[in-house]
Amino acid sequence: MNSLGSDLRWWLRLARPYAGAFALGVAVSIVTVSANMALLAVAGWFIASMAAAGLAGAGMNYFTPAAVIRGLAIVRTGGRYLERLITHDATLRLLTGLRVWFYRQIEPLSTVDMRNGDLLARVRADIDTLDHVYLRLIAPVTVGLACLLGAVAVMWLYSPAVAHVNLALLGVAGIALPGLTYRLGRAPGAAAVDTSARMKAAAVDWVEGLGELTVFGALEPRRETIDALSRDWIAHQKQLSKLSGLSSAGVLLLTNLALVGTACFLVPLIRSGALQPVDFAPLILLVMGCFEAVALMPGAWQALGQARAATARLRAFEDRRPAVAEPAHPAPPPACEAIRFDHVGTRYQADDTWALREVTLTIAPGEHIAVVGPSGAGKTTFVNLLLRLAEIREGEIRWDGRPLSAYRAADLRARIAFVPQRVYLFHTSVRENLLVGRPEATAEDMIAAADVAGIHDDIMALPEGYDTLVGEEGLRLSGGQIRRIGIARALLRDTPLVILDEPFEGLDMRTAARLWSRLERHLADRTLIVVSHDLARVHDFARILVLENAGLVADGDHATLVRHCETYRRLQGAYFNRRLDRHAPDAGRGETAPTPELSLRRHA
């Protein structure tokens, strides 16, 4: 773990854009706490003075102190509201900035060796934990020190002895006790953050893999794992709660000691005539106000352990380097020229097996290509290389006559529209999800892209059309609708190269055929690469790349591959056997008419 000083510098560096709001929040807090302490002291003096005047039968101007009390009460109430408004707004802005920072850290990493649940825990729970740094540590400590110095200075004017006693006890309550609380709470605080993250990761994995876990009978063991993590987290929280209770009790004990000590020094001074009797009440109440100002410090330092643990988990990404290095002097973005693979090979780690090797081919501008192969053949790696999500270890890929490494990754990806196998939709409207592809697109452009993707009619059938909320990850839509929205989003980008990974997954045969017919016409003058297991659509391509065992084993049209490529024939047979099993007639119902895929299989 980094040092405390290093973590503080990291926090302050990220908070620099919001420094003005944070400083204003601290200033308002100082005014508010000072007004509260002054209100106690002035109210105590006023009550004591009124009592003394009544006993002596003397007159007293009560309008001025009453006005001061009302003014301080208004300042305290208004200041508390403004302090909460300013500090929480600044904190929420900082947390938003932290999430943007975190995304910028992981986005260049291409692939992160972490589970979805762990990433979710870091981007949500860990970042949310850092609100303690300002709200529960920096602000309370800064405000407390500033106000206490002023209060002790006022006590000094009355009695240096009283000031010394309270300064010593305030030091114990505001420094020694928080330091002890921090030391005792650092381990359980860090353990609570780690356990919470592992529990969230396990819960997300459990939900995402619910079907598979049920099928393989592993649901109960996973549930027990989550229960165990939950119990551990509760145990850590109990430790932290005990520390919090003990620290509060410690502050209360020190408050009472300070009151007794202050009274012990004030009574002789009043008897000797050095102080007036009416000075007793304001000084006692001022002492109470001082300890009220430091009451939050032990809890603040206790939260520091959790904040530092969360910081360590976030800062771990600073040391990671992207898999693909950016060029020192990037070339202009590529035009619509040929893409050439020259003996290309790659693997994700130096000691891993080859994910792709000895691939040599040329993709002409405007060419439509299908990429097929069994699972693990290298299809995803083929796409990752074009997107610069993986580094080339051997050979070279040239686009527009220059190696891909000559271009900035952002410039390269701006020339590519990519639809991944898993399309992600945000919890917002269909319109907003489509405009992710091109925010400045007009409504006409958006509708045209949706129409090509065959999703416009489906969208218009939704309760609010394009303004319908899709739910978390498109919960309110079918898998086929989500995929077609992803395709429409990619078409909005109007790029020279379009890559579609399993575009027909989740679609019935008729919908898939209509979609392909529209895509083929719309993308006639653009380069298209389709990665698919749907052999019924693949046979329409004039050029098909067959990958197996990380290598390119065949390149040709459907008829050629059927005659000369054993891998392609095997893929065809496996695919159409699955289709045959899926459409097999139920017992006692007789045979059904052969589907187009089955007819194609017999022809092949």
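The values are calculated or read from the model by the stated rules, or taken from the named source; none is laboratory data. Predicted model, so just to flag it, every value in this text is computed and none were measured. Cβ sites come from the backbone with ideal geometry, for glycine too, and all protein chains shown count toward neighbours.
crowded, with 17+ Cβ neighbours inside 10 Å and modelled with pLDDT under 80: does that describe PRO298? Let's see the steps before the verdict.
Numbers: crowded, with 17+ Cβ neighbours inside 10 Å: yes; modelled with pLDDT under 80: yes.
Considered against the rule, which asks whether it is crowded, with 17+ Cβ neighbours inside 10 Å and modelled with pLDDT under 80, PRO298 comes out as yes.
Of all the residues that make up the range 416-473, how many are touching a strand residue (DSSP E or B) at 6+ places or on another chain (Cβ under 8 Å) and closer than 15 Å to PRO503 by Cα?
Number satisfying all stated conditions: 5.
Name every residue in the range 230-274 that is among the aliphatic types (A, V, I, L, M), within 27 Å of the chain's Cα centre (by Cα) and modelled with pLDDT of 90 or more, in order of residue number.
Selection gives ILE234, ALA235.
May I ask you to list the residues in the range 350-366 that are of a type in the set (Val, Ile, Thr) and either touching a helix residue (DSSP H, G or I) at 6+ places or on another chain (Cβ under 7 Å) or in a strand (DSSP E or B) (or both)?
Listed by number, the residues that qualify are VAL359, THR360, THR362, ILE363.
Quick check: is even one residue across the range 38-46 assigned to a helix (DSSP H, G or I) and exposed (fewer than 13 other Cβ atoms within 10 Å of the Cβ)? Don't jump to the end; show me each part of the working.
At the first step, the residues of the range 38-46 found to be assigned to a helix (DSSP H, G or I) are 38-46.
This time we only want the ones that are exposed (fewer than 13 other Cβ atoms within 10 Å of the Cβ), so: none.
Scanning the range 38-46, I find no residue that is assigned to a helix (DSSP H, G or I) and exposed (fewer than 13 other Cβ atoms within 10 Å of the Cβ), so the answer is no.
Kindly establish whether PRO374 is assigned to a loop (DSSP other than H, G, I, E, B), modelled with pLDDT of 85 or more and not aromatic (Phe, Trp, Tyr).
Numbers: assigned to a loop (DSSP other than H, G, I, E, B): yes; modelled with pLDDT of 85 or more: yes; not aromatic (Phe, Trp, Tyr): yes.
In short, yes.
Against the definition (among the acidic types (Asp, Glu) and either touching a Cys at 6+ places or on another chain (Cβ under 9 Å) or at pLDDT below 85 (or both)), how does GLU107 come out, yes or no?
yes
Taking the condition of being farther than 18 Å from LEU515 by Cβ and either surrounded by 16 or more Cβ atoms within 10 Å (Cβ to Cβ) or not assigned by TED's automatic domain parsing to the domain that holds PRO503 (or both), how many residues in the range 437-452 meet it? Steps first, answer last, please.
Applying the first criterion (farther than 18 Å from LEU515 by Cβ) to the range 437-452 yields 438-445.
The next check asks that each one be either surrounded by 16 or more Cβ atoms within 10 Å (Cβ to Cβ) or not assigned by TED's automatic domain parsing to the domain that holds PRO503 (or both); those that pass are 438, 441, 445.
Of the residues in the range 437-452, 3 are farther than 18 Å from LEU515 by Cβ and either surrounded by 16 or more Cβ atoms within 10 Å (Cβ to Cβ) or not assigned by TED's automatic domain parsing to the domain that holds PRO503 (or both).
Could you tell me which of the residues ALA52, ALA21, ALA56, ALA15 is closer than 17 Å to ASP279 by Cα, in the same structural domain as ARG183 (by TED's automatic domain parsing), touching a residue at least 60 places away in the same chain (Cβ under 8 Å) and not aromatic (Phe, Trp, Tyr)? Give the steps one after another, and end with the answer.
Values: ALA21 fails: closer than 17 Å to ASP279 by Cα; ALA56 fails: touching a residue at least 60 places away in the same chain (Cβ under 8 Å); ALA15 fails: closer than 17 Å to ASP279 by Cα.
After applying the criteria, what remains is ALA52.
For the range 410-441, name all the residues that are touching a Leu at 6+ places or on another chain (Cβ under 8 Å) and either in a helix (DSSP H, G or I) or of a type in the set (Val, Ile, Thr) (or both).
Passing the criteria: LEU412, ARG413, ILE416, VAL419, THR428, VAL430, ASN433, LEU434, LEU435.
Can you tell me which of (1) over 30 Å from ALA153 (Cα atoms); (2) touching a Lys or Arg at 6+ places or on another chain (Cβ under 6 Å) is the one ALA35 doesn't meet?
(1)
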